[in-house]
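The values are calculated or read from the model by the stated rules, or taken from the named source; none is laboratory data. Please read all numbers here as calculations on a predicted model, not as lab measurements. Here the Cβ is made from the backbone with ideal geometry for all residues, glycine too, and neighbour counts use every protein chain on show.
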Amino acid sequence: MRRGQATIAIALACVGLSGTAQASQSLKLSVGLTPEHLGQGTTVGFDFDIASTTGLVPPPLTEVDLRYPGDLGVTLSGLGLATCSAGTLEVLGPEGCPAEARMGYGSVLAEIAIGGEVIVERATLAVLRAPTRDGHISLLFYAAGEAPVYAQIVFTGALLAAAPPFGGLLHIDVPLVPSVPGAPDVAVAQIHGTLGPQHLTYYRHVGGGSVPYNPQGILLPNHCPRGGFPFAAELGFLDGSRTNARAVVSCPLVRRRRR
């Protein structure tokens, strides 16, 4: 994670069985809050590092669940004041959507196994607000890769409720991405993403012009929960296996005033 992000305490756990499939993937989850000032807006940054315990390329990723604390003010963030449709995103890309629909950025590192060799591809990731669906905040993700596989992929996500000690759940459905002919589908090895105002610029109409500004961001509570801010991730794969990991963002240090 970049400098200025909170120190992360990471706990790793791998699921042994999921249905009839034996999990063969490990997951490392890192989360950061930038800046981490209680009572103020922040950007949540998260990293997923996926590896196969067999030393091979992991199976294609199909599902991501990221649980976060309920006292994070996602709905009060001032993010996603506009929406973009999947059709617009597919035809015009993120540049064809309103600036106020942007909610974050990211990147993906993918692996393709070809003839005993592993080919690596990097793709950029844009996170945008989609029209509300079934009463839930909906998201669109736009991944763009150029080589060795040229593709622009649009997929969906939603912010849902989660059971304690969490309060919210970011659910993402990941589509299968074909690679070159005769090779398996693309496997995801790393995901970096953000939700928040970092590197975002919105525009406010004032008079006859537009004034740029930065949205507030995801609001942190005035008091840090005991033990820090908990996060948990669970990933599903094409072979039916699942793996999970947890992370805790430590409470910021409170400086005492000198007398």
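Given the residues SER138, SER77, SER52, SER107, which is the only one that is farther than 29 Å from HIS37 by Cα and among the small types (Gly, Ala, Ser)?
Sole residue among the options that is farther than 29 Å from HIS37 by Cα and among the small types (Gly, Ala, Ser): SER52.
Anything in region 133-177 that is without any contact (Cβ under 8 Å) to a residue 12 or more places away in the chain and either surrounded by 14 or more Cβ atoms within 10 Å (Cβ to Cβ) or within 16 Å of ARG102 (Cα to Cα) (or both)? List them, or say none.
Residues satisfying the conditions do not exist here.
Being at pLDDT below 95, part of a loop (DSSP other than H, G, I, E, B) and either over 16 Å from GLY193 (Cβ atoms) or not acidic (Asp, Glu) (or both): is that true of VAL118 here? Walk me through how you get there before you give the answer.
Working: at pLDDT below 95: yes; part of a loop (DSSP other than H, G, I, E, B): no; either over 16 Å from GLY193 (Cβ atoms) or not acidic (Asp, Glu) (or both): yes.
In short, no.
Take the residues in region 64-85 that are under 25 Å from CYS97 (Cα atoms) and assigned to a strand (DSSP E or B), then tell me which one is nearest to the chain's Cα centre (by Cα). Reasoning before the result, please.
Narrowing region 64-85 to residues under 25 Å from CYS97 (Cα atoms): 64, 73-85.
After this cut, where a residue has to be assigned to a strand (DSSP E or B) as well, the list is 64, 73.
Working: VAL64: 9, GLY73: 17 Å.
By that ranking, first place goes to VAL64.
Does TYR213 satisfy the condition of being under 24 Å from GLU95 (Cβ atoms) and in contact with a helix residue (DSSP H, G or I) (Cβ under 6 Å, 6 or more places away or on another chain)? Can you show your working first?
Working: under 24 Å from GLU95 (Cβ atoms): yes; in contact with a helix residue (DSSP H, G or I) (Cβ under 6 Å, 6 or more places away or on another chain): no.
Spelling it out, it is not the case that TYR213 is under 24 Å from GLU95 (Cβ atoms) and in contact with a helix residue (DSSP H, G or I) (Cβ under 6 Å, 6 or more places away or on another chain).
Restricting attention to region 1-56, and to residues there that are touching an Asp or Glu at 6+ places or on another chain (Cβ under 9 Å), modelled with pLDDT of 80 or more and small (Gly, Ala, Ser), which single residue is farthest from PRO197 (Cα to Cα)?
SER24
On the basis of being under 20 Å from LEU235 (Cβ atoms), of a type outside the set (Phe, Trp, Tyr) and buried (at least 18 other Cβ atoms within 10 Å of the Cβ), does GLU111 make the cut? First the steps, then the outcome.
Numbers: under 20 Å from LEU235 (Cβ atoms): yes; of a type outside the set (Phe, Trp, Tyr): yes; buried (at least 18 other Cβ atoms within 10 Å of the Cβ): yes.
Against the criterion (under 20 Å from LEU235 (Cβ atoms), of a type outside the set (Phe, Trp, Tyr) and buried (at least 18 other Cβ atoms within 10 Å of the Cβ)), GLU111 qualifies.
Being among the β-branched types (Val, Ile, Thr), in a loop (DSSP other than H, G, I, E, B) and under 19 Å from PHE155 (Cα atoms) narrows it down to one residue among VAL177, VAL188; which is it? Full working, then the answer.
On the way: VAL188 fails: in a loop (DSSP other than H, G, I, E, B).
Sole residue among the options that is among the β-branched types (Val, Ile, Thr), in a loop (DSSP other than H, G, I, E, B) and under 19 Å from PHE155 (Cα atoms): VAL177.
Which ones in region 73-107 are touching a residue at least 24 places away in the same chain (Cβ under 8 Å) and polar (S, T, N, Q)?
Step one: filter region 73-107 for residues touching a residue at least 24 places away in the same chain (Cβ under 8 Å), giving 73-86, 89-90, 93-94, 97, 99-107.
Answer for region 73-107, where residues must be touching a residue at least 24 places away in the same chain (Cβ under 8 Å) and polar (S, T, N, Q): THR75, SER77, THR83, SER85, SER107.
Can you tell me which residue within region 41-77, out of those that are of a type in the set (S, T, N, Q) and more than 18 Å from PRO230 (Cα to Cα), is surrounded by the most Cβ atoms within 10 Å (Cβ to Cβ)? So that I can check it myself, show each step before the final result.
We begin by selecting, within region 41-77, every residue of a type in the set (S, T, N, Q); these are 42-43, 52-54, 62, 75, 77.
If we keep only those that are more than 18 Å from PRO230 (Cα to Cα) as well, we get 52-54, 62, 75, 77.
Values: SER52: 15, THR53: 13, THR54: 9, THR62: 18, THR75: 13, SER77: 22.
This residue is SER77.
Kindly indicate whether any position in region 202-214 is modelled with pLDDT under 95, closer than 27 Å to SER26 by Cβ and part of a strand (DSSP E or B).
no
Mind checking which residues of region 127-151 are touching a Gly at 6+ places or on another chain (Cβ under 8 Å) and either over 18 Å from VAL74 (Cα atoms) or not in a strand (DSSP E or B) (or both)?
TYR142, ALA144, ALA151
Sort out which residues of region 78-108 are over 14 Å from LEU128 (Cα atoms) and buried (at least 16 other Cβ atoms within 10 Å of the Cβ), and write them in order of number.
VAL108 - this is the single residue of region 78-108 that is over 14 Å from LEU128 (Cα atoms) and buried (at least 16 other Cβ atoms within 10 Å of the Cβ).
Which residues, counting only those in region 124-151, are in contact with a strand residue (DSSP E or B) (Cβ under 8 Å, 6 or more places away or on another chain) and hydroxyl-bearing (Ser, Thr, Tyr)?
Correct list: THR124, THR132, SER138, TYR142.
Considering region 127-147 alone, what residues qualify as being closer than 14 Å to GLU90 by Cα and touching a helix residue (DSSP H, G or I) at 6+ places or on another chain (Cβ under 6 Å)?
LEU128, LEU140, TYR142
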